[in-house]
Amino acid sequence: MTSFGSICVLCGSGEGDAPAYRAAAVALGREMAARKIRLIFGGGSIGLMGAIADAVIEAGGEAIGVIPDFLIRYEVGHKRLSRLVVTDSMHERKRRMFEMADAFVVLPGGLGTLDETFEIVTWKQLGLHAAPIVVLDVDGYWTPLRALIDAVIAARFAHPKVSELVTFVSSPDEVLAALDAAPQPAPGVATGHL
Ligand code: AMP
């Protein structure tokens with residue numbers, strides 16, 4: 001049984017072009033609610049963000065959204081959350097999400113998801129946190145991301161240990177076990193100095 005009280009899920013404000021993406025978000029949301037793991041997310045009611053929040057709430061779980069003031073109307077601030085934290089800026093949003101989470105899961109998403117993912121991975125690379133990060137590679141959507149990280153390592157712009165900072169899995173059932181099993185980074189090893 002997992003020891004995480006809360007998981008921050010980074011995911012798209014869109015739904016993508018395949019029903020499998022939404023299905024994965026719903027499956028993960030139900031699993032989190034069943035295990036009483038709080039969802040921390042971007043606070044919108046649209047796209048995969050809305051799908052996972054709805055799944056958590058409908059299954060009786062707890063969902064906390066964090067959204068900047070100016071985005072409430074674009075991302076349609078979710079109305080049925082346990083709590084909606086409104087921030088003044090995108091930076092504050094990321095900081096609050098980070099502070100509230102014990103672990104991070106990345107679902108399919110767009111450039112915003114990539115931004116949030118790289119920030120959380122690079123903070124871990126710098127030793128600023130040691131929280132597990134799992135990328136759910138639904139239908140191979142994130143395979144190019146894994147290939148990019150491998151290419152950066154192969155070109156010696158990152159230490160090989162950087163690959164241990166993120167675990168890739170392919171189905172929602174594997175996410176929680178992968179978070180539990182994620183390797184703990186050794187302090188200072190993965191700072192990119194080769
Ligand atoms: P997207 O993957 O582009 O659909 O965006 C997913 C979420 O990331 C949305 O809630 C965006 O508002 C958010 N986002 C986009 N850019 C950033 C950024 N630079 N910092 C933090 N969040 C962002």
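The values are calculated or read from the model by the stated rules, or taken from the named source; none is laboratory data. Predicted, not measured: the structure shown is a model, and the values here were computed from it. Cβ sites come from the backbone with ideal geometry, for glycine too, and all protein chains shown count toward neighbours. Each accessible area value is taken on the protein alone, full model and side chains, heavy atoms only, with ligands, DNA and RNA left out. Shrake-Rupley method; radii C 1.70, N 1.55, O 1.52, S 1.80 Å.
The magnitude of the dipole of the chain, with charges of +1 and -1 set on the Cβ of Lys/Arg and Asp/Glu and taken from the Cα centre, is near 360 debye.
Calculate for the chain the 222 nm mean residue ellipticity that helices alone would give, adding -39,500 (n - 2.57) per DSSP H run of length 4 or more and normalising by residue count, nearest 500 deg cm²/dmol.
Details: 6 runs with 73 residues, N = 194.
Calculated at 222 nm, the ellipticity per residue is -11500 deg cm²/dmol.
Centre-to-centre, using Cα atoms only, region 126-176 and region 1-47 are separated by 18 Å.
Counted by Cβ distance under 15 Å from Ile46, the other residues give a net charge of +1, where Lys and Arg count +1 and Asp and Glu count -1. Only one residue of Ser89, Ile57, Cys8 has its Cα farthest out toward the positive end of the dipole of the chain, where Lys and Arg carry +1 and Asp and Glu -1 on Cβ, and that residue is Ser89.
With protein chains left intact and a 1.4 Å probe, residues in the chain average 48 Å² of accessible area per residue.
Give, as a single signed number, the net charge of other residues whose beta carbon lies under 15 Å from the beta carbon of Glu119, with Lys and Arg counted +1 and Asp and Glu -1. Summing Lys and Arg as +1 and Asp and Glu as -1 gives +1.
Residues in region 73-92, backbone N under 16 Å from the label point at Arg35 (7 Å along the Cα-to-beta-carbon vector): list them, ranges by number please. It comes to no residues whatsoever.
For the chain, carbon and sulfur atoms together expose 55% of the accessible surface, with a 1.4 angstrom probe and every protein chain in place. When the square roots of the Cα gyration tensor eigenvalues are ordered a ≥ b ≥ c, the ratio a/c for the chain is 1.5 or more and a/b exceeds b/c, which makes its shape prolate. The lysines whose alpha-carbon is closer than 24 Å to the alpha-carbon of Lys94, local same-chain residues fewer than 8 away aside, are Lys36, Lys79, Lys124. Relative contact order for the chain: 22 percent, from Cα pairs under 8 Å spaced at least 6 residues apart, divided by residue count. Looking at the chain, which longest stretch skips every one of the trypsin sites (Lys or Arg not before Pro) that is in a DSSP loop with at most 14 other Cβ atoms within 10 Å, leaving the sites themselves out? After excluding every exposed loop site, the longest remaining stretch is 81-155. In loop segments of region 1-107 as defined by DSSP, the chymotrypsin sites (Phe, Trp or Tyr not before Pro) with at most 12 further C-beta atoms inside 10 Å of their C-beta are Tyr74. Taking a sphere under 14 Å around the Cβ of Phe98 and counting the other residues whose Cβ falls inside, with K and R at +1 and D and E at -1, yields a net charge of -1.
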